[in-house]
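What follows is calculated from the coordinates using simple rules that are stated; it is not laboratory data. What you are looking at is a predicted structure, and each value in this text was computed from that prediction instead of being measured. No Cβ is skipped: glycine too gets one built from the backbone with ideal geometry, and neighbour counts run over all protein chains shown.
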Amino acid sequence: MRLYEELVRDMADYILPIQQNASLIARLDCLLSFTSLAKNNNYVKPVLNDGFAIDIKEGRHPVIEKQLKIGEDYVSNSVYLDNDTQQLIMITGPNMSGKSALLRQTALIVLLAQMGCYVPAQSAEIGIIDKIFTRVGASDNISSGESTFMVEMNETASIVNNLSNRSLVLLDEIGRGTSTYDGISIAWAIAEFIHEHPKFKAKTLFATHYHELNEMCNYFARIKKL
């Protein structure tokens, strides 16, 4: 017993140095991973600033581009959002046209940039983002008695109740869980609420099958279509 206690006391002297070394090695491993990723995949250094704009030139999805066949290039996309001229972009198009991929790649580029990693783009200038909200995918919660539509509305309500001037909001097919007419009305109301919010101008990408929502560009100054 005495030998065990002496052994514990001796080990206690090394606990702090071991923890500190483990932390330093973990940081070094993370930075080396960032470096290897950027070098092997042609990433660029993003510019972060105190502004409110997101300006990504020829951005790529970091996961999808690695899954392409050899010799096949990812079709890059540019995205510009700010609080004054282009706050919300309506993205319409058929299935498998890349709407959801564009939403996800924008979020990933912003997140990578603020982690201190280079990003998959030709260039990227990003104002600091404090929250990334997503309503992507369709799923129900039968165990709690919640339909796909109920889950969708609950998550969307949480987003619109927690917006800020530095939020990035990604909405994919809002209103799909109900009838077409009701779905269009709900999607329009949510986009209008975000645009007309009395305090905050959250930057938003809004992917939808409802081409009728493109008409919002004619009524709201900061809504554009893609």
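So here's what we get for this one:
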{"item": "Neighbour net charge for Thr134 - beta-carbon separation under 9 angstrom, K R +1, D E -1", "result": "0"}
{"item": "Entries in Lys66/Lys203; Lys66/Lys199; Lys66/Lys131; Lys39/Lys225; Lys131/Lys224 that, when Cα-Cα distance is taken, lie over 31 Å", "result": "Lys66/Lys199; Lys39/Lys225"}
{"item": "Protection proxy ranking of 40-50, 195-205, 102-112 - average other beta-carbon atoms within 10 Å, highest first", "result": "102-112, 195-205, 40-50"}
{"item": "FRET efficiency estimate (nearest 0.05) - Cβ-Cβ, Arg27 to Asp73, R0 25 angstrom", "result": "0.15"}
{"item": "Angle in degrees between helix 99-115 and the longest Cα principal axis of the chain, rounded to the nearest 10", "result": "40"}
{"item": "Listed values [x] 22.5, 82; [y] 17.7, 63; [z] 17.5, 51, entry calculated as Rg and Dmax of the Cα atoms in Å", "result": "[x]"}
{"item": "Segment 182-226-segment 39-93 distance, computed between alpha-carbon centres (Å)", "result": "21"}
{"item": "The chain - percent relative contact order, Cα under 8 Å, separation 6 or more", "result": "25"}
{"item": "Pairwise label distance in nanometres, Thr35 with Glu215, each label 7 Å out on the Cα-Cβ vector", "result": "5.7"}
{"item": "Rounded to 10°, Cα long-axis angle of helix 148-160 versus longest principal axis of the chain", "result": "80"}
{"item": "Set of segment 180-203 residues, backbone N closer than 12 Å to the point 7 Å along the Cα-Cβ line of Gln114", "result": "203"}
